[in-house]
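A short write-up of the structure that comes next.
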Amino acid sequence: MTTDAPAPTTTTSTVTSPTTSPATGPTGLAAGAPAPATGERADHAPEHTPRLNWSAHAPEVYKAMLRLDAAARKGLDPKLLELVKIRASQLNRCALCVDMHSKDALAAGESVERIVQLSAWEESGHFYTEQELAALALTEAVTVLTEGFVPDAVYARAAEHFDEPALAQLIAAITVINAWNRFGVTCRLVPGHYRPGQHR
């Protein structure tokens, strides 16, 4: 299953300013060492340190979130689920979750083009099915709640494309990714290190 927090035992290293020593070059890497991973290049901003490894300090909550995540995804198309998770994560500005679910979507066979267009999905409707568009509209309404509630038209549109059991699962999946996003954003969890399927 996919999660949006690192496993309780995971630690994240902090990239420090470049240094030079007899054994290393100006990047601080040993001579002949491979180039650092994305986000760690010497000409990039340094990687920030997470505020809190929340899952290590609240392991029972983390385990409950894993179970909730697994329950919410049941019966939903994997590609549609990842589109929903990416869009919610974009809206919530959760960098870790955008990274994670973009990689999982690609691994599931999703196209780069459809992932890139998600931030402008309303103007790029021809990239998506009517069911996917209805799911994205519902995702946005549940995530942002700009009107203080989910508009009737948005809910009705989703209900046209999902029967009640599937709609219940979709609402659950949207709610769960929003919860993961809030852990990620509040604790400033770091993107860039996730590998597709890592937490399945």
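Only Cα pairs under 8 Å and 6+ residues apart enter the sum, and on that basis the relative contact order of segment 79-196 stands at 41 percent. Taking a point 7 Å out from the Cα of Leu145 in the direction of its Cβ, none of the residues of segment 101-118 has a backbone N less than 16 Å from it.
The largest accessible area among Val112, Val98 belongs to the first residue in Val112, Val98, and the rest follow in falling order (1.4 Å probe, all chains). Modelled spin-label separation between Ala168 and His48, with each label point placed 7 Å from Cα along the Cα-to-Cβ direction: 3.9 nm. For segment 65-200, how big is the tail of P(r) above 19 Å, as a whole percent of Cα pairs? Here the tail beyond 19 Å accounts for 47 percent of pairs.
Sparse packing (at most 13 other Cβ atoms within 10 Å of the Cβ) combined with a DSSP loop state is found for the following GluC sites (Glu not before Pro) in segment 92-200: Glu122, Glu123, Glu147.
The values are calculated or read from the model by the stated rules, or taken from the named source; none is laboratory data. These numbers were taken from a predicted model, which means no experiment stands behind them. FYI the Cβ positions are ideal-geometry reconstructions off the backbone, even for glycines, and counts take in every protein chain you see. In case anyone asks, the SASA skips ligands and DNA or RNA and just uses the protein heavy atoms, side chains included. Shrake-Rupley method; radii C 1.70, N 1.55, O 1.52, S 1.80 Å.
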